[in-house]
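Okay, so here's the structure we're looking at.
The values are calculated or read from the model by the stated rules, or taken from the named source; none is laboratory data. Keep in mind that what you see is a predicted model, and the values were worked out from it rather than measured. In this analysis, Cβ positions are derived from the backbone assuming ideal geometry, glycine residues included, and neighbour counts consider all displayed protein chains. Note: areas computed on protein heavy atoms with side chains; ligands, DNA, RNA excluded. Shrake-Rupley method; radii C 1.70, N 1.55, O 1.52, S 1.80 Å.
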Amino acid sequence: ELCTPEERLLWARLSVFAGDFDLDAVQQICASDDLAIEGILGHLISLVDKSIVIRVEGAPEARYRLLDTIREYGREWLITLGAEHEFRERHRDFYLAVAEQFDAEWVSSAQVPWIRRLNQDRPNLRVALEFCFTEQGTARAGLTMATTLWGYWLCSARLSEGRYWIDRGLRLVPDPIPLRARALWLTGWFAIIQGEHTAGEPLFTESRAIAEEVGDDSALAYAIQYLGNTYLFRGEVERGLA
């Protein structure tokens, strides 16, 4: 009650975050007609001054977080306002866009900064993925995010986590579409990197079949490549070369 109405509204909306977050994420996710984007920073600073929001020390750029009990209290207000689903969707859409930007830029000199950023944002990526795989009608967005982050799973040695999210999406997206074809060869590739050569073969075979059906030349090339790798790793050299 010692917070202004705008501060209370921002507090409630900040409850959709997990771990820490930066100002850009707050502005993009929390701003609306009744909470102007140009006022977000001032309200955030006021919440820091009131010890509702904590500024993370040691980060190269300003980042913030909420204690769990403070977050849960804000979430109760967000639910009371009937706005939790809306702002969890906005949170998901923001981090999906982050993942897509990473995928477009990580094979460049920006790779190390991107990996560092995603390491910081990992709790929010996980929350966004969990939302996708538990809310009705959002599984394709989750599978898109999980596959788009393939470079992060690979470069940060988080293959098991990448497989976990991709496999959850595959169970919820059974349709023979390019997204499924890509997800299949990716999780199969991660499996053979981890030495599970038997697990990869059916994944590549299905990916190849879908790619041929929908005319996805890229997925077809990857599926055939990794299917051949699987045979080679198992000692079936002639079959692999073919």
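Annotations
- For the stretch 174-226, a crude dipole built from +1 on the beta carbon of Lys and Arg and -1 on the beta carbon of Asp and Glu, taken about the Cα centre, is about 140 debye to the nearest 20.
- Dimensions of the stretch 135-205 based on its C-alpha atoms, expressed as ranges along the principal axes with the largest first, amount to 34, 27, 17 Å.
- Listed residue (Trp185, Phe204, Tyr152) projecting farthest to the positive dipole end of the stretch 138-205, Cβ model: Tyr152
- Evaluated with a Cβ-only charge set (Lys, Arg +1; Asp, Glu -1), the chain carries a dipole of roughly 600 debye about its Cα centre, given to the nearest 20.
- Computed on protein heavy atoms with a 1.4 Å probe, the accessible areas place Thr138, Thr69 in the order Thr69, Thr138, largest first.
- Cleavage-rule hits, GluC sites (Glu not before Pro), the stretch 39-105, DSSP coil, Cβ neighbours within 10 Å at most 14: Glu57, Glu61
- Counting only protein heavy atoms and a 1.4 Å probe, the chain has 49 square angstrom of accessible area per residue.
- Within a Gaussian network of the chain (alpha carbon springs, distance under 10 Å), most fluctuating of Leu172, Leu149, Leu186: Leu172
- The chain, relative contact order [Cα under 8 Å, separation at least 6], %: 13
- Length available on full extension from Ile115 to His85: 0.36 nm per residue minus the Cα-Cα distance, which gives 7.9 nm.
- Here the calculated FRET efficiency for Leu67 and Arg171, from their Cβ-Cβ distance with R0 = 41 Å, stands at 0.75, rounded to the nearest 0.05.
- Label assignment, Cα extents along the principal axes in Å derived from the structure, set (i) 59, 53, 33; (ii) 46, 38, 31; (iii) 74, 37, 28: (iii)
- Test item: Cα-centred dipole of the stretch 132-228, Lys/Arg +1 and Asp/Glu -1 on Cβ, debye: 280
- Solvent exposure, largest accessible area first (probe 1.4 Å, DNA, RNA and ligands not counted), of Cys155, Cys132: Cys155, Cys132
- The residues Ile177, Ile210, sorted by heavy-atom accessible surface at 1.4 Å with ligands and nucleic acids left out, run Ile177, Ile210 from largest to smallest.
- Taking all protein chains as they are arranged and a probe of 1.4 Å, the heavy atoms of Val56 leave approximately 30 Å² accessible to solvent.
- Compared with the alpha-carbon gap, the fully stretched path from Ala199 to Ser32 is longer by 55.4 nm at 0.36 nm per residue.
- Seen against the Cα atoms of the chain and their longest principal axis, helix 197-214 is set at about 90 degrees.
- Rel. contact order, % - alpha carbon contacts under 8 angstrom, at least six apart, the stretch 186-242: 29
- FRET efficiency, Glu135 to Arg234 (Cβ-Cβ, R0 35 Å, nearest 0.05): 0.30
- HN-Hα J in Hz across the stretch 180-185 - Karplus 6.51, -1.76, 1.60, θ = phi - 60°, x for Gly and Pro: 5, 4, 5, 4, 5, 6
- For the stretch 235-240, 3J(HN,Hα) computed residue by residue from phi via the Karplus equation (6.51, -1.76, 1.60; θ = phi - 60°) reads x, 8, 5, 4, 5, x Hz, glycine and proline entered as x.
- Heavy-atom accessible surface of the chain: percent carbon and sulfur, 1.4 Å: 52
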